[in-house]
Amino acid sequence: MGLGEVRVTCRLTDVLLVSGLGSGIALCARDPAARVCGVAHIVLPSAGGNAADGEGPNPEPARYADAAVPYLLDAMEREGARTECLAIALIGGARLWAGPGGARLDVANRSTVAVLRALEARQLRLNAHDIGGAWGRACRLEARDGRVFVRTIGAEERELTVLGAAGGAR
């Protein structure tokens, strides 16, 4: 998936893959009962004055965290998901560049906070996360069973969680 992209699927054979996650965040969600999965590849915390002007569709609906969360959830609801049934994982948010500017320029942290606030506004909580650090990642969500895998640069791929597994995420 590209930067700022959202994908939602009901096809059990689909695998949603986000590679090249640095400071960006992959928001993975699944309603196991409805068998609806979705991923948003979030790049920045807030649209601020850079939001689409409303003329035509936004080609990057997930670029900004404050818009990506409601966009993904609404798209999943249109496919039959129930928001209150969603299991959610966040991956990414690495701080790759340390330098002058401190927290003000820490896009990864600000994006993570913005996603968490948007989820909280919808009364949703995380089931699993692999956030922060100073290394890039890739992740994939398997629609068939909700397994989320994370590959960190220089390491083997590992299973992070199963979204919507009986007994909760692991």
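The numbers here are math on the coordinates, done by the rules we state, and not lab data. These numbers come from a predicted model, not from an experiment. Neighbour counts are summed over all protein chains in view; Cβ atoms, including those assigned to glycine, are modelled from backbone coordinates with ideal geometry.
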Original post:
For labels at E156 and L96 in the simple 7 Å Cα→Cβ model, what's the distance in nm?
Top reply: 2.6
**OP:** Mind running the shape call on segment 6-162? Use the C-alpha gyration tensor, a ≥ b ≥ c as the square roots of the eigenvalues: rounded below 1.5 for a/c, prolate if a/b tops b/c, oblate otherwise.
**Re:** oblate
Original post:
Once label points are set 7 Å from the Cα along Cα→Cβ at both V113 and A47, what is their separation, rounded to one decimal in nm?
Top reply: 2.1
**OP:** Would you kindly state how much longer the chain becomes between A121 and E77 on full extension, computed as 0.36 nm times their sequence separation minus their alpha carbon distance, in nm to one decimal?
**Re:** 14.2 nm
